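Chemist: The structure that follows is given in the form of structure tokens.
The values are calculated or read from the model by the stated rules, or taken from the named source; none is laboratory data. Since we're looking at a predicted model, the values are computed, not measured. Methodologically, a virtual Cβ is constructed for each residue, glycine included, from the backbone with ideal geometry; neighbour enumeration extends over all protein chains shown. When the accessible area is computed, the model is the full protein with side chains, heavy atoms only, and any ligands, DNA or RNA have been set aside. Shrake-Rupley method; radii C 1.70, N 1.55, O 1.52, S 1.80 Å.
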Amino acid sequence: MKQSPRREDQKTFCYTHFLNPSSELHPEFVRFDYNAGTMNFDYGSHRHSDHELIYVEEGQYRTRLNGRKLTLKADDLLLISPGDLHRDEVKPGLKYYSLSFNIRPVHDSDSAKSVRLLNRHNNEIEPLFQDSAQEILELFHEAAEAMESRRIGASQLAHILLHEAFWRLVEIIPESYYSPEFRSSGTGDDFVSRFYRVLSENLSHALGLNELSRKLAMSPALLNRMCNEHLNQPPAQLVLEFRLTRSKELLSHSDFSIREISEKLGFKDQFTFSRAFKRNEEISPRKYRQQEINNFLLHG
């Protein structure tokens, strides 16, 4: 870890808790700094033990990464990986955020195990991403404001915002840059199981796209792409079909009223539920229930 400049020259927020992550991988945040240079400062060469994301807000950020000289301007991102040799300079007029983190499997018993985001063995991997992530800056702003407010729930809100910033970073990185460990832990069947697990855990709540994406720790755009790639439908249709499938089980095997079922499945009211059910199944919930009762009586 690099040494920090004088405390009066920066704002530092540290996170040591996690909010029931639903992804098989999750970022473990180490430091979140806002650096506003008021004097010349040289951090000196240091080797990183974790990832660090640099986002330049104003001015020029000059650094040497693994012997390569780089200059970042406003809205540029630099991703530093564990093991990288890094040296940077702070000069008056430079303002930037830095977020240090590790990536760990949620269900791994070895708490020391960390996953690399980028493929370290590929010399063509570009750690500098230019003019590509204004949304990340906005999330950093919101996270910093939340922590400064000291309101109840502020640290939890900041954590969620930084979590979203991490997955937005993942979204803008070309998939060919991912390390094999990261690639194998975040897609495919694993996504499908996580998606339906989140739906099951929030059955009585009508999840919108933004809330669903937050619970899955990914951006709405990435969620939409993953649903279409792996489940061949957009998220909203998948959520509706999941709730309607559950409604058919309740209509067939419970004594709950139509109103009670609509409440349990997060519909606005029983009329909204009935319209959605009939549009999808071409039969009303009441008639579906009677049809199931008749089939049971007929076939035992």
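Chemist: Toward the positive end of the charge dipole of segment 147-300, about the Cα centre and with charges on Cβ (Lys, Arg +1; Asp, Glu -1), which of Phe256, Pro180, Asn202 goes farthest?
Modeler: Among Phe256, Pro180, Asn202, the one farthest towards the positive end of the dipole of segment 147-300 is Phe256.
Chemist: Using Cα pairs closer than 8 Å and at least 6 residues apart in sequence, work out the relative contact order for segment 143-227, in percent.
Modeler: Numbers: 38 pairs, mean separation 26.7, N = 85.
In percent, rounded to a whole number, it is 31.
Chemist: Could you give the length gained by full extension between Arg197 and Gln134, i.e. 0.36 nm per residue of separation minus their alpha carbon distance, to one decimal place?
Modeler: Values: separation 63, 0.36 × 63 = 22.68 nm, distance 3.13 nm.
Contour length minus the Cα-Cα distance gives 19.5 nm.
Chemist: How high is the FRET efficiency between Asn40 and His141 when r is their beta carbon distance and R₀ equals 25 Å, given to the nearest 0.05? Working shown, then result.
Modeler: Values: r = 26 Å, r/R0 = 1.04.
Efficiency, from the Cβ-Cβ distance: 0.45.
Chemist: Continuing with this model, one more query. Before I look further, what does segment 160-300 give for accessible area per residue, probe 1.4 Å, in whole square angstrom?
Modeler: Working: 7670 Å² over 141 residues.
Solvent-accessible surface per residue comes out at 54 Å².
Chemist: Then there's this: Is the shape of segment 218-300 rounded, prolate or oblate, going by the alpha carbon gyration tensor and its root eigenvalues a ≥ b ≥ c, with a/c under 1.5 for rounded and a/b larger than b/c for prolate? Kindly include the intermediate steps, with their values, before the conclusion.
Modeler: On the way: a/c = 2.74, a/b = 1.97, b/c = 1.39.
Here segment 218-300 falls in the prolate category.
Chemist: Let me ask something else. Percent of accessible area on segment 141-244 owned by carbon and sulfur, 1.4 Å probe?
Modeler: Details: 2540 of 4930 Å².
Using a 1.4 Å probe with all protein chains present, segment 141-244 comes out at 51 percent carbon and sulfur.
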